[in-house]
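Everything on this sheet refers to the single structure shown next.
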Amino acid sequence: MRKGLFVEHLLVAVALLGVLAAGGRAGATEPLAPLAPPPIQPAGLVELGRALFHDLRLSGDGTVNCAHCHPLARGGVDGLPVSLGVKARRGVANAPTVYNLAGQIAYFWDGRAATLEDLVLEGPLQNPNEMDTNWEEVLAKLGRDAALERRFRELFPRDGLTARNVARAIAAFLRSLVTLDSPFDRWLRGDRTALDERQIEGYRLFRSYGCVACHQGANVGGNLFAVVGVMADFFSERNRPESPVDQGRFNVTGNEADRHVFKVPSLRLVTFTAPYFHDGSVKTLDEAVVIMGRYQLGREIPAQERRDIVAFLRSLAGRHPLLEATR
């Protein structure tokens, strides 16, 4: 157990006692908040970003686009433990959802991209296991499309088609992918009929067990980093050898304290995004709750309580025009 992190979790839990005493009433002080609408952005920029997100020319062999690993109708994930890139090459980490990225602390599991623009510029496009290309090749291909180049000149009159402007457009589209009007958000805003008794009990358990120590705020996560294995050694008990991706944020900082530290994922669309964890090793949400209870909280959560927590997690899923019916 890492004592510093345990103390941090304990302090957060103590701070939440007032919330627990409120009995989960909508309108009481809450560790979670409703999602706000996406930022207002130029419609033409968002639409250009959407087109580029689906453009096969952003891969080396023209067979893969961003939506290949992040199909929007399916929650922004492909449902695989690790994604398959060009020529079916296997990635090394589970692909997170691209919904509700705006406002998160950083991007990728290890937080190596500080902004969504950095994610596009430095991420999958140049990864040999994913899109396997480079910006020189991509810009050459896009530049042969006169209509597309004209759109860039209209939106970016100073410099037109550049890698930075491609990233700006895709980042603008990603910021538009906010899932709104979830049952839980309606409940937070005062609609006492939005959740059933089981979901309300699941939320009470989610708080009382201390899950909100890491999964907090409007995104129910995504706003801090945490070690995997606070209360027990997850990696030594996982029954598979460690790989470089398991080192987490250590790969970015070189700081020993960051070994096995990852960005806490948002739970907003968690019912869409199986399999779970950075390695995609956990197939079901129930199993994920078991593991989080055991390794992060030092608790064995009974089956009925897990079912209630999962019922609550289902209430977090909102709507977006590009997303299939809420699960």
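Annotations for the structure displayed:
- Among residues of the range 234-244, those that are open to solvent by 60 Å² or more (accessible area, probe 1.4 Å) and either more than 18 Å from Asp258 (Cβ to Cβ) or free of Cβ contacts under 8 Å to residues at least 40 places away in the same chain (or both), counted: 6
- Checked against (1) assigned to a loop (DSSP other than H, G, I, E, B); (2) modelled with pLDDT under 95; (3) open to solvent by 70 Å² or more (accessible area, probe 1.4 Å), Glu30 passes all but a single condition, namely (3).
- Residue list for the range 183-215, restricted to those being of a type in the set (Lys, Arg) and open to solvent by 30 Å² or more (accessible area, probe 1.4 Å): Arg186, Arg189, Arg192, Arg198, Arg204
- The residues on offer are Leu155, Leu180, Leu161, and the sole one that is open to solvent by 30 Å² or more (accessible area, probe 1.4 Å), among the aliphatic types (A, V, I, L, M) and under 17 Å from Leu35 (Cα atoms) is Leu180.
- Residue in the range 184-198 that is part of a helix (DSSP H, G or I), under 28 Å from Leu48 (Cβ atoms) and without any contact (Cβ under 8 Å) to a residue 12 or more places away in the chain present: no
- Residues that are open to solvent by 30 Å² or more (accessible area, probe 1.4 Å) and acidic (Asp, Glu) within the range 282-327 comprise Asp286, Glu287, Glu300, Glu305, Glu324, listed in sequence order.
- Taken over the range 73-89, the residue count meeting the criterion of being open to solvent by 10 Å² or more (accessible area, probe 1.4 Å) and in a helix (DSSP H, G or I) is 4.
- Some residue of the range 162-178 being within 28 Å of the chain's Cα centre (by Cα), of a type outside the set (D, E, K, R) and under 17 Å from Val270 (Cβ atoms): yes
Yes/no matrix, rows are residues, columns are (1) surrounded by 15 or more Cβ atoms within 10 Å (Cβ to Cβ); (2) at pLDDT 95 or above; (3) in contact with a Gly (Cβ under 7 Å, 6 or more places away or on another chain):
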residue: Ala93; (1), (2), (3): yes, yes, no
residue: Ala102; (1), (2), (3): yes, no, no
residue: Val120; (1), (2), (3): yes, yes, no
residue: Leu125; (1), (2), (3): yes, yes, no
residue: Pro128; (1), (2), (3): no, yes, no
residue: Thr133; (1), (2), (3): yes, yes, yes
residue: Ala140; (1), (2), (3): no, yes, no
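- Checked against the criterion of being surrounded by fewer than 22 Cβ atoms within 10 Å (Cβ to Cβ) and on the phi > 0 side of the Ramachandran plot, the candidates Gly248, Gly254, Gly222 yield just one match: Gly254.
- Checking Arg259 against (1) open to solvent by less than 50 Å² (accessible area, probe 1.4 Å); (2) at pLDDT 95 or above; (3) of a type in the set (D, E, K, R); (4) more than 16 Å from Phe108 (Cβ to Cβ), the condition it does not meet: (1)
- Scanning the range 57-72 for residues that are assigned to a helix (DSSP H, G or I) and under 9 Å from Gly85 (Cβ atoms) yields His68, Cys69.
The values are calculated or read from the model by the stated rules, or taken from the named source; none is laboratory data. Computed from a predicted model, the values in this text were never measured in an experiment. So basically every Cβ, Gly included, is an ideal-geometry build from the backbone, and we count neighbours across all protein chains shown. Just so you know, the surface numbers come from the protein's heavy atoms only, side chains and all, with ligands and any DNA or RNA stripped out. Shrake-Rupley method; radii C 1.70, N 1.55, O 1.52, S 1.80 Å.
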